[in-house]
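Inspection log for the structure reproduced underneath, given as structure tokens.
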Amino acid sequence: MAEKEKKEKPLEKMTAKELREVALEISEITGAHGMNKPELISAIKKARGIKEDKVSKKNSSIRDIKIKIKEMKAKQEAALNENDSKMATIFRRRISRLKKKTRRAA
């Protein structure tokens, strides 16, 4: 019976809640509560030294796009404060395109 307790089920079969508990035990992983299941799996595998077969870029790319949107909004606000309506319009269009990308990726 002690052997069954030592063996844990595969990471892919675990729920996000179980993965967070495992991640919290590993000191190398920070921000486990803010991660979703694929991010938790990759972080745990990286900490344990397990090589990943496929890397899912879908969720991380959405986050990257949202970071870019925030940067563009800041630039747009700065352009509006400087009364540069041309650049503000350009940033507005770029933000719109990035939002469309996030909707397609989701």
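Taken together, the values in this text are just the output of simple stated rules run on the coordinates, not laboratory data. Because the structure is predicted, anything quoted here is derived from the model rather than measured. Cβ sites come from the backbone with ideal geometry, for glycine too, and all protein chains shown count toward neighbours.
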For the chain, with the dipole built from +1 on Lys and Arg beta-carbon atoms and -1 on Asp and Glu ones, taken about the Cα centre, which of Ser61, Val22, Ala47 lies farthest toward the positive end?
Ser61
Cα coordinate range in the chain, projected on the principal axes (Å, largest first):
72, 26, 21
Note the angle between two axes, namely the Cα long axis of helix 58-81 and the longest principal axis of the Cα atoms of the chain, as a number of degrees from 0 to 90, rounded to the nearest 10.
30
Using 27 Å as the Cα-Cα cut-off, could you pick out the over-long pairs in Lys9/Lys68; Lys17/Lys73; Lys66/Lys86?
Lys9/Lys68; Lys17/Lys73
Expressed as an acute angle from 0 to 90° and rounded to the nearest 10, what is the orientation of the C-alpha long axis of helix 85-105 relative to the principal long axis of the chain?
30
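Taking a quarter of the surface of the convex hull around the Cα atoms of the stretch 58-105, what do you get in nm²? All intermediate terms of the calculation are to be shown ahead of the outcome.
Working: hull surface 11.1 nm².
Averaging across all directions leaves 2.8 nm² for the Cα convex hull.
Please report, largest first and rounded to whole Å, the three semi-axes of the ellipsoid equivalent to the stretch 8-48, where each semi-axis is the square root of five times an eigenvalue of the C-alpha gyration tensor. Working shown, then result.
Values: eigenvalues 36, 24, 17 Å².
Equivalent ellipsoid semi-axes, largest first: 13, 11, 9 Å.
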